[in-house]
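Read-outs throughout are calculated quantities, based only on the coordinates presented, and are distinct from any laboratory measurement. Just so it is clear, the model here is predicted, and its values are computed rather than measured. Here the Cβ is made from the backbone with ideal geometry for all residues, glycine too, and neighbour counts use every protein chain on show.
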Amino acid sequence: MLRKSALLEIIAGKNRGLLATPSDKQAILSAMAKLEDYNPTPRPVEAAELLNGDWRLLYTSSRDLLNLDSFPLVKLGQIYQSIRVKESKVYNIGELYGLPYLEGIVSVAARFEATSERRVQIKFERSIFGLSRLIGYESPVKFINEIESGKKFAAVDIGLDTREQQGWLDITYLDKDLRIGRGNKESVFVLTKE
């Protein structure tokens, strides 16, 4: 699809949004809106087979995520999101890299609940931040399996108050390998299925 290709071309080389200029951001929002007009999945929250799985972030305007690049001595690597529809769970993992032995991850686990055919309410439950070597981090899938098994990590591993740590996300485009979302903090997300 031409609109999809146009969006992917515009976000290419923007390092998930870190390198996007104000004019880039406007062009990206415009390309997103054009693609959202042709969303092939009108009720994305109900499309479990498309929504479920492992996703990699291609672009965001979220300052919460992009600010992970501001830690001293480390840079933001890949960002993953794994959605487990059956369990109503979502896991976000941000990889950090830099000086040897300082590679790390920042992760949050949350529950979600559908509030409409395209909106989910998200309640963050757990945050994990630590060095990859101490945690034994190898891949998002293995790490999520360890979280689900109840493993405690040699890291900052804290429970979050779901009443205070919550937000919402509208899924505005969903197909077999691309998802677009718009969040409560006016942030946008473009992800590809792994």
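Compute the long axis of helix 2-11 from its Cα atoms, compare it with the longest principal axis of the Cα atoms of the chain, and write down the angle in degrees, 0 to 90, nearest 10.
Long axis of 2-11 versus the principal axis of the chain: about 40 degrees.
Quick one: angle between helix 22-36 and the longest Cα principal axis of the chain, in degrees between 0 and 90, rounded to 10, please.
Computed tilt is about 70 degrees.
Suppose the chain between K4 and E87 were pulled fully straight at 0.36 nm per residue; how much longer would it get relative to their current alpha carbon spacing? Intermediate results must be reported in sequence, preceding the final value.
Working: separation 83, 0.36 × 83 = 29.88 nm, distance 3.01 nm.
Difference between extended and current length: 26.9 nm.
What is the magnitude of the charge dipole of the chain about its Cα centre, with +1 placed on the Cβ of each Lys and Arg, -1 on the Cβ of each Asp and Glu, and no other charges, expressed in debye to the nearest 20? Before the final figure, lay out each step's value.
Numbers: 28 positive and 26 negative charges, 19 e Å.
Using only the charged Cβ atoms, the result is roughly 100 debye.
Summarise the long-distance tail of P(r) for the stretch 102-194 by giving the % of C-alpha pairs beyond 21 Å.
Here the long-distance tail beyond 21 Å is 44 percent of all Cα pairs in the stretch 102-194.
Using a Förster radius of 35 Å, what is the FRET efficiency between D177 and Y101 based on their Cβ-Cβ separation? Nearest 0.05, please. Show your work: numbers first, answer last.
Working: r = 35 Å, r/R0 = 1.00.
Here the calculated transfer efficiency is 0.50.
Distance between Cα centroids, the stretch 61-95 to the stretch 9-40: provide it in whole Å.
Going from one Cα centre to the other spans 19 Å.
Relative contact order of the stretch 1-60, please, whole-number percent, based on alpha carbon pairs below 8 angstrom and at least 6 residues apart.
Details: 30 pairs, mean separation 27.7, N = 60.
The value is 46 percent.
Please go through the stretch 40-137 and write out the GluC sites (Glu not before Pro) that DSSP classes as loop and that have at most 11 other C-beta atoms within 10 Å.
Values: sites: E46, E49, E87, E95, E103, E113, E117, E125; in loops: E87, E103, E117.
For GluC sites (Glu not before Pro) across the stretch 40-137 that sit outside H, G, I, E and B with at most 11 neighbouring Cβ atoms in 10 Å, the list reads E87.
Any chance you could tell me what percent of the C-alpha pair distances in the stretch 15-91 go past 15 Å?
Values: 1978 of 2926 pairs.
That fraction is 68 percent.
Which whole-number value in Å³ per residue fits the convex hull of the alpha carbons of the stretch 57-105? Walk me through the numbers before you get to the answer.
Values: hull volume 3.9 nm³, N = 49.
So the per-residue Cα hull volume is 80 Å³.
Please report the antiparallel percentage of DSSP beta bridges with both residues in the stretch 1-125, rounded to the nearest 5.
On the way: 26 of 27 bridges.
Rounded to the nearest five, the antiparallel share is 95 percent.
Applying 1/(1 + (r/R0)^6) with R0 = 22 Å to the Cβ-Cβ distance of S70 and A27, what FRET efficiency is obtained, to the nearest 0.05?
Details: r = 25 Å, r/R0 = 1.12.
Between S70 and A27 the formula returns 0.35.
For the chain, compute the number of Lys pairs whose alpha carbons are separated by less than 19 Å, excluding pairs fewer than 8 positions apart on the same chain.
Lysine pair count for the chain: 25.
Please list, by residue number, everything in the stretch 174-194 whose backbone N is under 14 Å from a paramagnetic label point 7 Å out along Cα→Cβ of S139.
194
For the stretch 1-148, what is the convex hull (Cα atoms) projected area averaged across all directions, in square nanometres? Could you put the intermediate results ahead of the total?
On the way: hull surface 38.9 nm².
Answer in nm², one decimal: 9.7.
Calculate, in nm to one decimal, what R63 and N15 gain on full extension: separation in residues at 0.36 nm each, minus their alpha carbon distance. Intermediate results must be reported in sequence, preceding the final value.
Details: separation 48, 0.36 × 48 = 17.28 nm, distance 1.37 nm.
Result: 15.9 nm gained on full extension.
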